[in-house]
Amino acid sequence: MTTHAALLLLPGDGIGIETIAEVERLIAFFNAKSNAIKFDVERDLVGGSAYDAHGVAITDAAMAKAAKADAVIFGAVGGPKWDKVPYEHRPEAGLLRLRKDLDLFANLRPAICYPALADASSLKRELVEGLDIMIVRELTGGVYFGEPKEIVTLEDGSKRAVDTQLYTSREIDRIARVAFDLARKRGNKVHSAEKRNVMKTGILWNQVVTDVHRSYAPDVALEHILADNCAMQLIRNPKQFDVIVTDNLFGDVLSDEAAMMTGSLGMLPSASLGAPDAKTGRRKALYEPVHGSAPDIAGKGLANPIATIASFAMALRYSFDLIKEAELVEKAIARVLDQGLRTGDIMQAGMKNVGTSEMGAAIEGELRALAA
Ligand code: IPM
Ligand code: MG
């Protein structure tokens with residue numbers, strides 16, 4: 001029996017459009033293979049392209065499609081073209097609405113160093129070779145969404161800006177469980193990063209993670225680390241980490257740092273997951289590359305599609321339980337890198353510089369060979 005899976009593709013802006021096109025290649029490949037699953041694909045606009053067409057960063061109709069889909073594959077949003085649009089309609093608002101309205105609270109950001117790329121890292125090979133970290137970033141709370149969030153003009157004409165860092169114990173509890181669950185399938189170690197030395201949210205974060213550890217995951221090793229120290233330790237000795245669980249803003253920063261250690265921001269995927277549905281057990285999910293829309297190279301066929309393709313592999317694994325297929329895609333990526341194919345962002349001497357679609361086609365070719 002064939003199961004139908006609804007995929008919503010939201011390419012967005014800039015290189016998102018080019019990298020999602022390479023994912024479509026793989027979807028077509030899996031659909032053509034007599035597989036247990038068939039992907040029914042819809043597309044819609046998000047970000048600046050949605051603003052140009054509809055005056056908003058994402059329409060209600062697109063939100064409804066996203067809520068209905070089994071998984072959303074997202075490209076990237078933003079670019080200088082939309083620098084002047086009203087704040088509530090800026091391209092990023094589309095992504096933030098998806099995260100918030102679908103309650104995608106758990107953002108999984110793996111930082112894996114492909115052996116072939118160890119020399120492309122800004123750190124020494126021995127520090128990053130074999131690196132495999134999972135950053136679990138809380139995605140629907142904290143300073144991104146806390147109210148008040150405003151700029152007010154004071155009586156003397158000067159201004160005051162406020163963002164609010166806000167966490168409930170419930171929000172911390174549920175993200176901590178995700179981190180412990182993941183650690184059990186990996187290196188069985190969690191670092192919880194916060195700033196309890198200056199922030200009340202840090203104190204609560206620390207307490208709740210400690211409680212969840214005691215009652216839910218005493219078998220997993222837990223260490224608390226201050227977020228600034230975590231940033232430093234990532235550069236000093238990244239392989240000491242297995243799973244890092246942290247809040248929305250620290251997670252944003254630490255995941256960029258971890259991503260770059262693997263050679264390029266163009267390599268890393270992410271998954272944003274909701275809570276399992278009480279009836280079906282299925283989680284709402286959005287998969288996106290960690291990188292942005294890279295306006296400087298957009299439309300030129302130069303972008304690295306690997307992060308977006310690897311995001312699709314995460315969808316296969318986390319939304320559809322297609323573990324074997326996910327591994328095949330990841331293996332195909334590793335093989336193409338072993339063969340010396342490189343987009344500009346990961347180019348090294350002696351390697352072959354290829355464009356976006358050449359890279360996508362090569363990965364598809366390897367996938368075909370591996371699946372044969
Ligand atoms: C990310 C991005 C987003 C964020 C932006 C585009 C709003 O940097 O996904 O890491 O800050 O969360
Ligand atoms: Mg970011």
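Here are a few things to note about the model shown:
- Taking first residues from segment 254-266 that are within 13 Å of residue 135 (Cα to Cα) and outside the structural domain of residue 226 (by TED's automatic domain parsing) and partners that are polar (S, T, N, Q) and within 14 Å of ligand 2 (Cβ to nearest atom), no Cβ contact under 9 Å between residues at least 6 apart in sequence or on separate chains turns up.
- Among (1) surrounded by fewer than 24 Cβ atoms within 10 Å (Cβ to Cβ); (2) within 16 Å of ligand 2 (Cβ to nearest atom); (3) in contact (Cβ under 8 Å) with a residue 60 or more places away in the chain, the one test that residue 298 misses: (2)
- Check on residue 284, basic (Lys, Arg) and either within 15 Å of ligand 1 (Cβ to nearest atom) or assigned to a loop (DSSP other than H, G, I, E, B) (or both): no
- Of all the numbered requirements in (1) touching a residue at least 60 places away in the same chain (Cβ under 8 Å); (2) in contact with a strand residue (DSSP E or B) (Cβ under 8 Å, 6 or more places away or on another chain), residue 43 misses one, and that requirement is (1).
- Within segment 158-201, considering residues that are among the β-branched types (Val, Ile, Thr) and exposed (fewer than 13 other Cβ atoms within 10 Å of the Cβ), the one nearest to the chain's Cα centre (by Cα): 168
- Residues that are surrounded by fewer than 21 Cβ atoms within 10 Å (Cβ to Cβ) and closer than 24 Å to residue 171 by Cβ were ranked within segment 73-98; the one that is nearest to ligand 2 (Cβ to nearest atom) is 92.
- Helices (runs of 4 or more DSSP H) completely within segment 7-110 that count 3 or more residues being within 28 Å of residue 323 (Cβ to Cβ): 15-32, 60-68, 91-101
- Scan of segment 292-315 for residues that are more than 18 Å from residue 346 (Cβ to Cβ) and either touching a Phe, Trp or Tyr at 6+ places or on another chain (Cβ under 8 Å) or basic (Lys, Arg) (or both), ordered by number: 312, 314, 315
- Residue 288 modelled with pLDDT of 95 or more, within 16 Å of ligand 2 (Cβ to nearest atom) and of a type in the set (D, E, K, R): yes
- Among the numbered conditions (1) buried (at least 17 other Cβ atoms within 10 Å of the Cβ); (2) away from ligand 1 (no atom under 16 Å from the Cβ); (3) under 22 Å from the mean Cα position of the chain (by Cα); (4) closer than 24 Å to residue 258 by Cα, the only one that residue 327 does not meet is (1).
Per-residue answers, yes or no, for (1) assigned to a strand (DSSP E or B); (2) more than 15 Å from ligand 1 (Cβ to nearest atom):
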residue: 245; (1), (2): yes, yes
residue: 254; (1), (2): no, no
residue: 275; (1), (2): yes, yes
residue: 279; (1), (2): no, yes
residue: 296; (1), (2): no, yes
residue: 307; (1), (2): no, no
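- The single condition from (1) away from ligand 1 (no atom under 16 Å from the Cβ); (2) out of contact with any Asp or Glu (no Cβ under 7 Å at 6 or more places or on another chain); (3) assigned to a strand (DSSP E or B) that residue 271 fails is (1).
The values are calculated or read from the model by the stated rules, or taken from the named source; none is laboratory data. Please read all numbers here as calculations on a predicted model, not as lab measurements. Don't worry about glycine lacking a Cβ; one is built from the backbone with ideal geometry, like all the others, and counts go over all protein chains shown.
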